[in-house]
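FYI, it's all coordinate maths here, none of it is from the lab. These numbers come from a predicted model, not from an experiment. In this analysis, Cβ positions are derived from the backbone assuming ideal geometry, glycine residues included, and neighbour counts consider all displayed protein chains.
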Amino acid sequence: MPTSERESPTLIRGLAVALIAWVIAAAGGAQIRTALQRGNQLSEIADSYSEADALRSAEGYEVKGFFADAGLPDIAYGNQFPKDGVKPHKDWCPPGKPCIYTHYPPGPNWVAGMLRIVFHGNLAAMRLFPILVTLLAMAYLAASLVEAMGPVRAAGAMLIFGGVPMFTNMAHGLHYQSYAFALQLAELGILARLFARPAGARIPTGLWVGLGLIAFFQGWMDFDYAFMTVFAPLPFALLAPRLDGRRLVLAVLVAGGGFTFAHLLHVVQLVVYFGQFDRAIGELRGSAGFRYNFVPLEAWCQTSIGGLTGLVMDYLFIQAPADRYLGVDMMARAVLVSVLVLVPRGRLGGLTLTAPRRAHLALLAAFLISVLWIVIMQNHAACHRHFLPRHLFFFYFFIVFVGLSALGSVAAVGSSFEETGDGG
């Protein structure tokens with residue numbers, strides 16, 4: 001990781017910051033236009049199936065209150081979008097009866113309910129909130145990268161990310177995907193700051209609190225980002241010349257604690273709703289098993305993916321490069337960066353190259369963390385290729401981060417990672 005570019009000329013620094021601001025503003029403008037174009041219709045980009053369910057539950061919260069059904073969402077309430085989401089599935093949600101969704105925490109549904117009340121059900125206006133959340137997360141990540149990499153490399157990173165479709169294309173979504181991705185960006189920003197400090201240095205309390213809160217909100221939104229939320233500190237720690245094991249363990253525990261606490265609250269909800277602990281645990285166990293067991297769901301999804309190997313290959317080489325996700329060959333770039341960090345320090349053409357210690361382990365860790373949900377929850381991954389490939393942005397982030405770090409004069413982040421660190 002490179003040091004902060006304290007000696008950068010003021011003009012260059014100003015241009016870098018202006019470029020970052022332009023990337024964020026352009027993303028916001030594009031998403032606002034998308035929201036206005038959709039009007040009061042569902043978004044075909046931001047998972048219209050889940051949006052329909054969330055918006056019906058929002059109406060249910062407005063009418064019945066947020067404490068009805070132990071706070072769980074009624075995803076078939078009312079008559080909105082009768083042909084979308086679970087509404088057409090009469091065997092799942094019989095007409096005229098509540099369809100209480102118990103498989104996920106209700107965070108995104110609660111937000112949708114509050115937005116419906118504030119904006120009187122105007123979907124275009126409601127979409128401004130997740131867009132704002134995403135832009136704030138982008139801005140925080142950018143500021144963290146400036147601290148960790150210096151303004152020039154940070155601007156380069158943001159410019160590369162801004163060219164990736166999935167960096168912005170679901171920001172207007174009214175279900176969990178927009179919020180989950182924004183929270184991931186914020187967590188990456190917190191961790192970049194946290195591990196930018198020298199080994200053994202005191203970490204500001206605010207960073208630990210922020211990490212715990214981000215992990216909690218992520219847990220209250222979904223299960224899917226579990227591995228990325230809890231284990232995100234690992235690649236950052238591996239990129240440090242001096243591996244601070246205590247800081248790494250504490251970061252994992254704080255993130256894991258926040259995420260787990262959210263799900264414990266969800267268990268309490270289920271106990272209140274079902275009236276018994278065993279029924280609540282059985283509901284979650286059944287949901288997890290359904291997402292895990294691959295073979296029976298192939299027919300249900302009407303897909304033949306070729307088992308686990310075929311599923312992973314599909315995500316890496318077909319879904320990831322698709323226009324709605326990365327739009328580039330992620331694996332080719334990973335190979336290129338892996339070769340780049342092997343180049344000894346010195347000069348190659350006009351560039352100064354370094355080999356950040358443990359960079360390959362960091363990339364491997366980021367890759368495994370990105371695909372872990374896909375590998376374990378194979379049913380869920382096979383049937384949700386319309387949004388789960390977004391998990392691969394986590395790996396792409398570190399490809400870019402390591403690649404730009406390798407194109408520097410010293411292997412360090414901020415003022416902390418000095419050349420005198422261990423060889424790892």
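Structure notes:
- Theoretical ellipticity at 222 nm over the chain - DSSP helices of four or more residues, -39500 (n - 2.57) apiece, nearest 500: -19500 deg cm²/dmol
- If you wrap the tightest convex hull around every Cα atom of region 61-121 and split its volume per residue, you get 88 Å³.
- Pairwise FRET efficiency - ASP278 versus ARG33, Cβ, R0 = 60 Å, nearest 0.05: 0.75
- This ranking places ASP53, ASP329 by how few other beta-carbon atoms lie within 10 Å of each, fewest first, which gives ASP329, ASP53.
- Inter-centroid distance (Cα atoms) of region 89-131 relative to region 217-238, Å: 25 Å
- Between ASN79 and VAL343, the C-beta separation translates, for a Förster distance of 56 Å, into a calculated FRET efficiency of about 0.35.
- Spacing of the modelled spin labels on ILE318 and THR205, each 7 Å from Cα toward Cβ, amounts to 5.3 nm.
- Using distinct alpha-carbon pairs, which all enter the 1/r mean, Kirkwood radius of region 95-241 in Å: 16.8 Å
- To the nearest ten degrees, helix 277-292 and the longest principal axis of the Cα atoms of the chain are 60 degrees apart.
- Projected label points at LEU308 and ALA70, each 7 Å from Cα along the beta carbon direction, are separated by 3.3 nanometres.
- Principal-axis tilt of helix 48-64 within the chain, Cα atoms, nearest 10 degrees: 60 degrees
- The label-point distance for VAL328 and LEU11, in a model that sets each label 7 Å from Cα toward Cβ, rounds to 2.8 nm.
- With respect to the chain, whose longest principal axis is taken over its alpha-carbon atoms, helix 245-274 is tilted by about 0°.
- Sequence of GLU44, GLU187 once ranked by neighbouring C-beta atoms within 10 Å, starting from the fewest: GLU44, GLU187
- For region 1-126, the extents of the C-alpha atoms along the principal axes are 67, 30, 27 Å, listed from largest to smallest.
- Mean projected area in nm² (Cα convex hull; one quarter of hull surface) for the chain: 21.0 nm²
- Region 61-121, relative contact order [Cα under 8 Å, separation at least 6], %: 42 percent
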